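Read the structure below first, then the notes.
The values are calculated or read from the model by the stated rules, or taken from the named source; none is laboratory data. Because the structure is a prediction, the values reported are computed rather than measured. Note: ideal-geometry Cβ built from the backbone for every residue, glycine included; neighbour counts use all protein chains shown.
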Amino acid sequence: MMCTFAYANDRTAPEKDFLVVAILHPKTSGTEELRQVEDAADKFAELLAVSKKLQPTYTFDAGQLSPGLPE
């Protein structure tokens, strides 16, 4: 499943930015799928909270977030 997130981080750049995340092994129920998207968003928020500059693409698998898309 591919998701696009929009965010603004005043610490690194005042403008809005976007990133794409590939969620591997998406759940089949809508509620569980939404939870996966929320978990990925929480991971991004943690990175932003410590002033990390985000990469343009990420992979989210088994609760872990890693830069780049799967090969």
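Values for this structure:
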quantity	calculated
Hey, ALA62 at pLDDT 90 or above, among the hydrophobic types (A, V, I, L, M, F, W, C) and at positive phi or not	yes
Test: residue in region 45-65 that is in contact (Cβ under 8 Å) with a residue 24 or more places away in the chain, surrounded by 11 or more Cβ atoms within 10 Å (Cβ to Cβ), assigned to a helix (DSSP H, G or I) and not small (Gly, Ala, Ser)	yes
Filtered residue count, region 34-58, keeping only those that are among the charged types (D, E, K, R), farther than 18 Å from PRO70 by Cβ and modelled with pLDDT of 85 or more	4
Restricting region 1-33 to residues that are at pLDDT below 95 and among the small types (Gly, Ala, Ser), the residue that is farthest from the chain's Cα centre (by Cα)	SER29
Subset tally (residues that are more than 15 Å from ASP61 (Cβ to Cβ) and exposed (fewer than 11 other Cβ atoms within 10 Å of the Cβ)) for region 14-31	8
Given (1) part of a strand (DSSP E or B); (2) of a type outside the set (A, V, I, L, M); (3) within 17 Å of LEU69 (Cβ to Cβ), index of the condition GLU15 fails	(3)
